[in-house]
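The values are calculated or read from the model by the stated rules, or taken from the named source; none is laboratory data. All of these numbers come straight from a predicted model, not from anything done at the bench. For neighbour counting, all protein chains shown are included, and Cβ atoms are generated from backbone atoms with ideal geometry for every residue, glycine included. Areas reflect the complete protein model, heavy atoms only, side chains present, ligands, DNA and RNA absent. Shrake-Rupley method; radii C 1.70, N 1.55, O 1.52, S 1.80 Å.
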Amino acid sequence: PLVTEFSRVLFRSTDSILFAGTNFTKDSDKIKITTAQPDLFKPVLAYRNNSLKFDFAAPFYEYPDKMFFQCRLEGFDTTWTNLGHSFYYPYTNLHEGNYIFHVRAQNVYGHNSEEALYSFTVLPPWYRTWPAYIIYGLLSLLTIWISARLYSLRLKRENIRLEGIVRDRTAEVVRQRDVLE
């Protein structure tokens, strides 16, 4: 059967290898290579590492220049890409969330491979986390409280100024009344 496999998954910003293409499980003391991605190999990426490049291959050696690939990123793409000769696919600026990258190959005879899957999670940036939202709420409440306090102080100052004007006018009216008497 025709099989598609990942040769590696790279961080685009640093070109660091995230996955080198081999999944394995450990049963008792034996290590077994598997096509399924164990939970151990499902990375959780910081938001700054949200740009990835997937390299993939199909070990079919007849007419390798006539191999075609299709891929899609579940959680991002709605449809498969068109069949093409490209053996890599980049994704940049992924939002936070859970993703599954699917890739399949088609050989010169039109046979499609099984899908190869790679799961990963992108965490939200710090400013879109619950602690940040709590801080935003507290800062909003503090801003409202300070605004109300400043407005109250301004009103008190205005009240004192108006009382002074009333006192002065009252004294002037009393003086004028005394003059008239």
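Those residues that are among the charged types (D, E, K, R), within 23 Å of N23 (Cβ to Cβ) and open to solvent by less than 100 Å² (accessible area, probe 1.4 Å), I need them from region 96-114; list them, please.
The first filter runs over region 96-114 and keeps only residues among the charged types (D, E, K, R), leaving 96, 104, 114.
Now restrict to residues that are within 23 Å of N23 (Cβ to Cβ): 104, 114.
If the condition is that a residue be among the charged types (D, E, K, R), within 23 Å of N23 (Cβ to Cβ) and open to solvent by less than 100 Å² (accessible area, probe 1.4 Å), then R104 is the only one that fits.
With the condition being without any contact (Cβ under 8 Å) to a residue 40 or more places away in the chain, I'd like the strands (runs of 3 or more DSSP E) fully within region 71-181 carrying at least 2 qualifying residues. Don't jump to the end; show me each part of the working.
Numbers: elements: 88-91, 97-106, 116-122.
Answer list for region 71-181: 88-91, 97-106.
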All but one of (1) surrounded by 14 or more Cβ atoms within 10 Å (Cβ to Cβ); (2) among the charged types (D, E, K, R); (3) farther than 26 Å from A46 by Cβ hold for D77; state the number of the condition that does not hold.
(3)
Go through the residues of region 133-147 one by one and say whether even a single one is modelled with pLDDT of 95 or more, within 21 Å of the chain's Cα centre (by Cα) and open to solvent by 100 Å² or more (accessible area, probe 1.4 Å).
yes
Picking from R104, R72, the residue that is within 25 Å of the chain's Cα centre (by Cα) and modelled with pLDDT of 80 or more would be R72
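Among the residues of region 81-118, which ones are of a type outside the set (D, E, K, R) and touching a helix residue (DSSP H, G or I) at 6+ places or on another chain (Cβ under 7 Å)? Working first, answer last.
Initial filter on region 81-118 (of a type outside the set (D, E, K, R)): 81-95, 97-103, 105-113, 116-118.
The one that is of a type outside the set (D, E, K, R) and touching a helix residue (DSSP H, G or I) at 6+ places or on another chain (Cβ under 7 Å): V108.
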I'm told L117 meets every condition in (1) of a type in the set (A, V, I, L, M, F, W, C); (2) open to solvent by 60 Å² or more (accessible area, probe 1.4 Å); (3) more than 23 Å from the chain's Cα centre (by Cα) except one. Can you identify the failing condition by its number?
(3)
Quick check: is even one residue across region 23-32 surrounded by 12 or more Cβ atoms within 10 Å (Cβ to Cβ), within 19 Å of H102 (Cβ to Cβ) and in contact with a strand residue (DSSP E or B) (Cβ under 7 Å, 6 or more places away or on another chain)?
yes
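Please find, among D65, D55, the residue that is of a type in the set (D, E, K, R) and more than 15 Å from L18 (Cβ to Cβ). Explain how you work it out, then say what you get.
Values: D55 fails: more than 15 Å from L18 (Cβ to Cβ).
After applying the criteria, what remains is D65.
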Among the residues of region 38-68, how many are buried (at least 18 other Cβ atoms within 10 Å of the Cβ) and either assigned to a loop (DSSP other than H, G, I, E, B) or of a type in the set (F, W, Y) (or both)?
6
